[in-house]
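A short worksheet on the structure shown next.
The values are calculated or read from the model by the stated rules, or taken from the named source; none is laboratory data. Quick caveat: nothing in here was measured; it's all calculated off a predicted structure. FYI the Cβ positions are ideal-geometry reconstructions off the backbone, even for glycines, and counts take in every protein chain you see. When the accessible area is computed, the model is the full protein with side chains, heavy atoms only, and any ligands, DNA or RNA have been set aside. Shrake-Rupley method; radii C 1.70, N 1.55, O 1.52, S 1.80 Å.
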Amino acid sequence: MKKFKCIMCGAINDLDESKQVVECTKCGEKYKNRFYVGSETTLVKAGIPVENKAEDPKTLQEPEASETEEVNEHLYSADEMAASLRQDSMLVVKSLKKIYPKSDRVAVDNISFSLRPGEIFGFLGQNGAGKSTTIKCLTGILPFDSGSITVCGYDIVKDPIKAKMNMGYVPDNHSVYEKLTGREYVNYVADLYKVPSDVRHERLTKFAKLFKLEFAIDRQIKSYSHGMKQKICIIAALIHDPKLWILDEPMMGLDPQSTAEIIAYMREHCAKGNTVFFSSHNLDLVKKLCHRVAIVNEGRLIDLFDLAGNEENKANLEERFFRITGTYDERLFEDYVAQESADMRPDLQKSDALNIQSEPAQEQLGNE
């Protein structure tokens, strides 16, 4: 029996040619007659997008006979399939490996995943699990030892400028030029991305109003609070309207209002068909916000699963995370409110004692 290799997880599967749609037995990714089914509206063949308005992958139209002659000659390899995803994936990471100099520890160990248009993707793990290292490799800040990273079809190593033009990055330490004003800093970043003056002015005005930063946009950044610095970093990362928005711990130290504003725009950004990739330690936020989530531990991607539309996965996210990272403790999931007793609550003990003392007094009053 012929085989096919899944581009998402690399698993080798049997190809049942009697079926119109075949599915990877490991990750569930669907393929149609050697065509990648990754979008409800686009059928991709050998790097050439073929428009198809079918909403259900099972109803995608069969290719013309002239097209099938070429396709039936062989099964596409993983590399060929990766090329065909050029127009259909915002980010494709394949077998990424990173080892820091003078260290025998593998910081990122053979990680592979891809991001779809219009999704918010959560990247979870403990401190030191490899999240920030992975993100710095994705953004071209750090070189890596092996593997490949493709942003909107552009290889981060072979074509770094075009790859970076399609992404916006918000680091976890909001590194900015603090002697510049907010407006000067955003204009500086807009110059790097070649954003026209009228376009940048319109976007800066919009974002300053959206993030409640109008009053401070012409003040030096060194006078900003932590939350204000985070907001100006976010505005700078969005000024060129990137298709892929990467955020490393974006909510750290922010007040509830600022957090709500950023969440709202993350959703708005995705609604336009763009993609958000962000790391976080806030599992409740990830549960409410993300369409899919990946969990890394000791540099390896251990699990990747859907959250949107899957209530079971949402309910089990915390337990799943703790088990994968080796930090599961049953007491973390105990319902202490339901288990409250007088010996655990000194205040209840005191209250009970007062009630006991008052009973004889009430009896004495009744006798009188």
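Computed extension length for Arg300-His201: 31.4 nm, one decimal, from 0.36 nm per residue of separation with the Cα-Cα distance subtracted.
Here segment 169-189 is scanned for amide nitrogen atoms under 14 Å from the site 7 Å beyond the Cα of Lys222 along Cα-to-Cβ, giving 176-182. With the simple model of a label 7 Å out from the Cα in the direction of the Cβ, Ile12 to Glu318 spans 4.3 nm. The eigenvalues of the Cα gyration tensor, multiplied by 5 and square-rooted, give segment 173-292 an equivalent ellipsoid with semi-axes of 23, 17, 12 Å from largest to smallest.
Calculated FRET efficiency, Ala308 to Thr25, Cβ-Cβ distance, R0 = 25 Å: about 0.65 to the nearest 0.05. Each Lys and Arg adds +1 at its Cβ and each Asp and Glu adds -1 at its Cβ; summed about the Cα centre, segment 197-240 shows a dipole of about 180 debye.
Placing dummy labels 7 Å off each Cα toward the beta-carbon, the span from Met252 to Lys162 is 3.4 nm. Counting only protein heavy atoms and using a 1.4 Å probe, the accessible area of Asp145 comes to about 100 Å². I'd like the FRET efficiency for Leu192 and Asn110, computed as 1/(1 + (r/R0)^6) with the beta carbon distance as r and R0 of 25 Å, rounded to 0.05. So, using R0 = 25 Å, E works out to roughly 0.15.
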